[in-house]
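See below for the structure under consideration.
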Amino acid sequence: MNEYQKYSRDMMDFIEKSPTCYHAVAALKEALKEQGFQELEETAHWSLDGGKGYFATRNDSSLIAFRIPEHLSQGFHIVASHCDSPSFKIKESPEMTVENHYVKLNTERYGGMILYSWMDRALSVAGRVVVRGEAGLETRLVNLEGSTMVIPSVAIHMNRDANKGMEFNPQVDMLPLYGDRTKGGKTLLEHAAEAAGVEQKDILGHDLFLYVKDKGRFYGENDAFVLSPRLDDLQCVYASSKAFMETRPEQYITVCAVFDNEEVGSSTRQGADSTFLEDTLWRIGEGLGWNRSEFLRRIAGSFLISADNAHGVHPNHPEKADPTNRPYLNQGIVIKFHGSQKYATDAVSGAKMKMICEEAEVPWQTYANRSDILGGSTLGNISTAHVSVASVDIGLPQLAMHSAVETAGVKDTKYAVEAFRVFFGE
């Protein structure tokens, strides 16, 4: 296994541990604690020291880690990504019986997924439950790995137009088959209670999601590609967090921010459109004894990399890409531009990112939407509305974004880690 494959294999292992945003944050917390980072509570006083690392979480689904240099810092170097992915959220009272035989689960869409890609695929359920504990409410992670369900498609014999394009109704077509009522069995919440180590009556709330059970793998000639669920955006979460933990800052306070809810607009208390980043940076300054003027001067000298995956040129539909900005898998970091500022990159921030890549000796490429196709957005310009720092939007090139499984290049994860190491080490 070569160096590129080692990074991508490690990244796929992280994704396997992270079927939901809650599990991703839990995995990051564990890794940070192993590296000696101290967890801070938002409700407590923060006492901070130079040369040390800290992290805080919000809602169990967003995390901001930071490391303070030994000497007075010039500002903040921030990489922001997101840990949520499009999925189906389990509704309250989810079991639905069909003709006194089948049992299916009532779900709703979370984010903008490619619906048909979830059909006829092994699925399970993971997330968190809120339980009645001795000291009050407690949150526990659950992953029903032993349970498998499927969203069955309609046979071609019963839907002759299936290959001519079909509009799916999420309330009708996309509900997973959970069990056979005639054979009995446990309810979903009974399984969740068992996984959480509590009685079902003690579960007072849940945030549970379907996830794809497929494991990440290499494919293509010479294993050129990676096939995995949730590459958007756990690939960038992995790369930024790995580089962050492996780098000691010299001049800047380094910050690794991982937000929830990007796929549904970021407008939650734990999303990029919240005050989480702003609150954390201010409290760092407060903990180091800065006054308001000192804090604002350092914000003015700071820089943010918004890391969220990018569209690569599609092999079957190259016409979908912009005529002159055409990212390819395995060709390096993608710097994203948008004239109407859906991406935060401008000439200066884009140039800085190119210099970071050059110093790291990794390739870079550029992305822009076709002018006649409406593109998506990301968290860069959302977060900078709260913390006004110079920012660049980047990503790693991939195919089939928002599919149940997505494709990336085997080389690009390593490229991202190396570029982030340079940025965090400046």
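With every protein chain in place, what's the accessible area of Lys29 (1.4 Å probe, Å², nearest 10)?
50
Nearest 5 is fine: what % of DSSP beta bridges in the chain come out antiparallel, could you say?
On the way: 53 of 79 bridges.
Close to 65 percent.
Would you kindly derive the ³J(HN,Hα) couplings of segment 400-406 from the backbone phi angles with the Karplus curve 6.51 cos²θ - 1.76 cosθ + 1.60 (θ = phi - 60°), listing them in order in whole Hz, with x for Gly and Pro?
6, 4, 6, 6, 4, 10, 10
How large is the helix-only mean residue ellipticity at 222 nm for the chain, computed as the sum of -39500 (n - 2.57) over DSSP H runs with n ≥ 4, divided by its residue count, in deg cm²/dmol to the nearest 500?
Details: 9 runs with 105 residues, N = 426.
Using -39500 (n - 2.57) per qualifying helix, the result is -7500 deg cm²/dmol.
Leaving out ligands and nucleic acids, and using a 1.4 Å probe, what accessible area per residue does segment 245-321 come to in Å²?
I get 43 Å² per residue for this part.
Would you please give the residues with an amide H less than 5 Å from that of Ile114, counting only those at least 5 places away or on a separate chain, with H modeled from the backbone geometry?
Answer set, sorted by chain and number: Ser403, Ala404.
So for the chain, averaging the separation of alpha carbon pairs under 8 Å that are six or more residues apart and normalising by length, what relative contact order in percent results?
On the way: 923 pairs, mean separation 97.3, N = 426.
It comes to 23 percent, rounded to a whole number.
From the phi of every residue in segment 353-362, what ³J(HN,Hα) in whole Hz does the Karplus formula 6.51 cos²θ - 1.76 cosθ + 1.60 yield, where θ is phi - 60° and glycine or proline is x?
Coupling constants for segment 353-362: 5, 4, 5, 4, 5, 5, 5, 7, 6, 10 Hz.
Taking the mean number of other Cβ atoms within 10 Å as a proxy for protection, how do you rank 3-11, 40-48 from highest to lowest? Write out the running numbers ahead of the final one.
Numbers: 3-11: 18.3, 40-48: 12.0.
The packing order, highest mean first, is 3-11, 40-48.
Considering amide H positions built from the backbone, and no H for Pro or chain starts, which residues 5 or more places from Glu95, or on another chain, come under 5 Å of its amide H?
Answer set, sorted by chain and number: Asn106.
Looking only at segment 111-129, which residues have a backbone nitrogen under 14 Å from a spot 7 Å from the Cα of Lys213 in the C-beta direction?
The answer is 120-126.
If you count, for each residue, the other Cβ atoms within 10 Å and average over each peptide, how do 214-224, 230-240 line up from highest to lowest?
Numbers: 214-224: 13.4, 230-240: 28.2.
Packing proxy ranking, top to bottom: 230-240, 214-224.
At a Förster radius of 51 Å, what calculated FRET efficiency corresponds to the Cβ-Cβ distance of Asp161 and Thr139, to the nearest 0.05? Write out the running numbers ahead of the final one.
Working: r = 46 Å, r/R0 = 0.89.
About 0.65, to the nearest 0.05.
Of the options Gln200, Ile253, Val212, report the single residue whose Cα projects farthest towards the positive end of the charge dipole of segment 198-277 (beta-carbon charges: Lys, Arg +1; Asp, Glu -1).
Gln200
Note down the Stokes-Einstein diffusion coefficient of segment 320-426 in µm²/s, whole number, using a Kirkwood radius over alpha carbon pairs, 4 °C, and 1.567 mPa s. Provide the component values of the computation, followed by the final result.
Working: Rh = 14.5 Å.
Here the translational diffusion coefficient equals 89 µm²/s.
How big is the dipole moment of the chain about its Cα centre under a simple scheme where the beta carbon of each Lys and Arg is +1, that of each Asp and Glu is -1, and everything else is neutral? Debye, nearest 20, please.
Details: 43 positive and 58 negative charges, 65 e Å.
Dipole of the chain, to the nearest 20 debye: 320 debye.
Which one of His77, Met113, Phe66 has its Cα pushed farthest toward the positive end of the charge dipole of segment 52-152, where Lys and Arg give +1 and Asp and Glu give -1 at the Cβ?
So the residue furthest toward the plus end is His77.
With labels modelled as points extended 7 Å from the Cα through the Cβ direction, what inter-label distance (nm, one decimal) is found for Val172 paired with Glu194?
Calculated label separation equals 3.5 nm.
If amide hydrogens are placed 1.01 Å from N in the peptide plane, which non-local residues have theirs closer than 5 Å to the one on Leu177?
Here Val150, Ile151 satisfy the definition.
Given R₀ = 30 Å, FRET efficiency for Asn316-Glu246 by Cβ-Cβ distance, to 0.05? Can you show the working numbers first?
Details: r = 38 Å, r/R0 = 1.27.
Here the calculated transfer efficiency is 0.20.
In the chain, what percent of the accessible surface is made up of carbon and sulfur (1.4 Å probe, ligands and nucleic acids excluded)? Let's see the in-between values first.
Details: 9150 of 19170 Å².
Carbon and sulfur atoms account for 48 percent of the accessible area of the chain.
Just want the answer: with Cβ charges of +1 for Lys and Arg and -1 for Asp and Glu, which residue in Gln331, Gly301, Pro315 is farthest toward the dipole's positive end in segment 292-333?
It is Gly301, whose Cα lies furthest towards the positive end.
When only alpha-carbon atoms are used, what values of Rg and Dmax, in angstrom, describe segment 282-326?
20.6, 57
Which residue fluctuates most in the GNM of the chain (Cα springs below 10 Å): Val198, Val255, Val410?
Greatest mean-square fluctuation among the candidates belongs to Val198.
Pairs Lys336/Lys414; Lys89/Lys186; Lys52/Lys342: which are spaced more than 24 Å apart, C-alpha to C-alpha?
Details: Lys336/Lys414 19 Å; Lys89/Lys186 20 Å; Lys52/Lys342 35 Å.
Long pairs (Cα-Cα over 24 Å): Lys52/Lys342.
Translational diffusion coefficient, Stokes-Einstein: compute it for segment 82-240 using the Kirkwood radius over C-alpha pairs as Rh, at 25 °C and 0.890 mPa s, and state it as an integer in µm² s⁻¹. Intermediate results must be reported in sequence, preceding the final value.
Working: Rh = 17.6 Å.
D, rounded to a whole number, is 140 µm²/s.
Taking 0.36 nm per residue of sequence separation and subtracting the Cα-Cα distance, how much length would be gained by fully extending the chain between Glu41 and Lys6, in nm to one decimal? Mind dumping the intermediate values first?
Working: separation 35, 0.36 × 35 = 12.60 nm, distance 3.45 nm.
Between Glu41 and Lys6, full extension yields an extra 9.1 nm.
I'd like to check one number: the per residue accessible area of segment 174-217, probe 1.4 Å, reported in Å² as a whole number.
Details: 2240 Å² over 44 residues.
Heavy-atom accessible area per residue stands at 51 Å².
Computed over the Cα atoms, what is the radius of gyration of the chain divided by 2.2 N^0.38 Å, N being its residue count?
Working: Rg = 22.2 Å, N = 426, 2.2 N^0.38 = 22.0 Å.
Normalised Rg, Cα atoms only: 1.01.
Which of the GluC sites (Glu not before Pro) found in segment 305-406 are in a DSSP loop and have at most 12 neighbouring Cβ atoms, other than their own, within 10 Å? Please list the in-between numbers first.
Working: sites: Glu319, Glu358, Glu359, Glu361, Glu406; in loops: Glu361.
The qualifying sites are Glu361.
Placing unit charges on C-beta atoms (Lys and Arg positive, Asp and Glu negative, everything else neutral), compute the dipole magnitude of segment 80-126 about its Cα centre in debye, rounded to 20.
Details: 5 positive and 6 negative charges, 22 e Å.
It works out to roughly 100 debye.
What accessible area per residue comes out for segment 1-149, rounded to a whole number of Å², with a 1.4 Å probe? Don't jump to the answer; show the numbers that get you there.
Working: 6820 Å² over 149 residues.
Ligands and nucleic acids excluded, the figure is 46 Å² per residue.
Would you look at the GNM of the chain, springs on alpha carbons closer than 10 Å, and say which of Val150, Val348, Val362 moves the most?
Val348
The values are calculated or read from the model by the stated rules, or taken from the named source; none is laboratory data. No experiment lies behind these values; they were computed from the predicted model shown. Note that we place each Cβ from the backbone using ideal geometry, even for glycine, and neighbour counts take in every protein chain shown. Remember, those area values only see protein heavy atoms, side chains included, never the ligands or the DNA or RNA. Shrake-Rupley method; radii C 1.70, N 1.55, O 1.52, S 1.80 Å.
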